[in-house]
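Below: one structure, written as structure tokens.
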Amino acid sequence: MYGIDLSGKHALVMGVANHRSLSWAIAQSLAKAGARLCLTSAGERLRSMVEELAVTIPGTLVLDCDVTKDDTIDAVAKRLGDEWGSIEVLVHGIAFARKEDLEGEFVATPREGFQMALDVSAYSLINVTNRMRPLLEKNGAAIVTLSYLAAERAVPSYNVMGSAKAVLEQSVRQLAYELGPKNIRINALSAGPVSTLAARGIHGFTDMLKKHAEKAPLKRNITKEEVGKAALFLLSDLGSGVTGEVLYVDAGYHIMGW
Ligand code: NAP
């Protein structure tokens, strides 16, 4: 795809819930470039959906992984160690906050809601990277996680997820520093709003889409395929000199000052 050849590379893609997922768009880009894929599913509920998508890309593995449970992360590492021996590409497209913590006042966020959002949406990047480390270090690797502008700006209703994204982006920089000597690159893609299962949990999301399109220099919203293309750049040799970066795929929205 676009002259990018990822054949012989193993890509672990976490965070595919259905065909709308940003991680699925990235998985499709990686597959078109020739990468071998493993998709993880957070549990029984969506497993059949993920399996239906996986069969469209022959040879794709589907494994269970709930990032709040270390044993399920370790089971993925063990299976991929046995089956592949190395991981060259890791996609982290995972986030979660309780509905009530995205609706009320941010100032009233309860401790358990804060901890849950930070655990699933930010700590999971550190923990998964650490538990996959022997496989990532084998041949060197590229990692991409998905962020949003609420990491650095106040966005109505984004509440605790903004805090989680701020921690996520700082973790990208710290991991990039620490893992660079092992030839592991890590970057974040800060995507504009796209209608997905997780996005629909944000109160007023439809209005947000409209406002983004009006204000963005490109005068439109982005597509998930554009996220897939930008991720392919960061995850392939085209991005070989880039690490610790946040790349905005938001039709330019973040540059605006009004
Ligand atoms: P999505 O399709 O709903 O993907 C979110 C994924 O997170 C789902 O696959 C979900 O699995 C997974 N997840 C939640 N809790 C988990 C857990 N404990 N263990 C493992 N996986 C878990 O929505 P998306 O919009 O593509 O989100 C992907 C990433 O993009 C998120 O980090 C999101 O914040 C970010 N992002 C999205 C937008 C947007 O507008 N859509 C913009 C910027 C950034 P289950 O559904 O099985 O729980």
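Listed values, structure above:
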item: Binned Cα-Cα distances of the range 15-72, short to long, each 10 Å bin given as a whole percent; result: 25, 57, 18, 1
item: Reachable aspartates and glutamates from Lys211, criterion Cα separation under 13 angstrom, eight or more residues apart if same chain; result: Asp250
item: Per-selection Rg to Rh, the range 64-114 - Cα, Kirkwood hydrodynamic radius; result: 1.19
item: Filtered trypsin sites (Lys or Arg not before Pro), the range 1-75: DSSP coil and at most 15 other beta carbons within 10 Å; result: Lys69
item: Kirkwood Rh (inverse of mean 1/r, distinct Cα pairs), the chain, angstrom; result: 18.3
item: Pairs from Lys182/Lys210; Lys165/Lys224; Lys32/Lys78; Lys138/Lys165; Lys99/Lys210 whose Cα-Cα separation, in the structure shown, is over 31 Å; result: Lys182/Lys210
item: Furthest towards positive pole of dipole, Trp258, Ala117, Ile26, structure part the chain, Cβ charges; result: Trp258
item: Most mobile of Asn187, Asn130, Asn221 in a GNM of the chain (Cα contacts under 10 Å); result: Asn130
item: For the range 105-206, fraction of C-alpha pairs farther apart than 22 Å, in %; result: 35
item: In the range 156-230, the chymotrypsin sites (Phe, Trp or Tyr not before Pro) that fall in loop regions by DSSP, at most 16 other Cβ within 10 Å; result: none
item: Mean ellipticity per residue at 222 nm, deg cm²/dmol - from DSSP H runs of n ≥ 4 across the chain, formula -39500 (n - 2.57); result: -13000 deg cm²/dmol
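Coordinate-derived values only; no laboratory data. This is a predicted model, so every value here is computed, not measured. Virtual Cβ from ideal backbone geometry, glycine too; neighbours counted across all protein chains shown.
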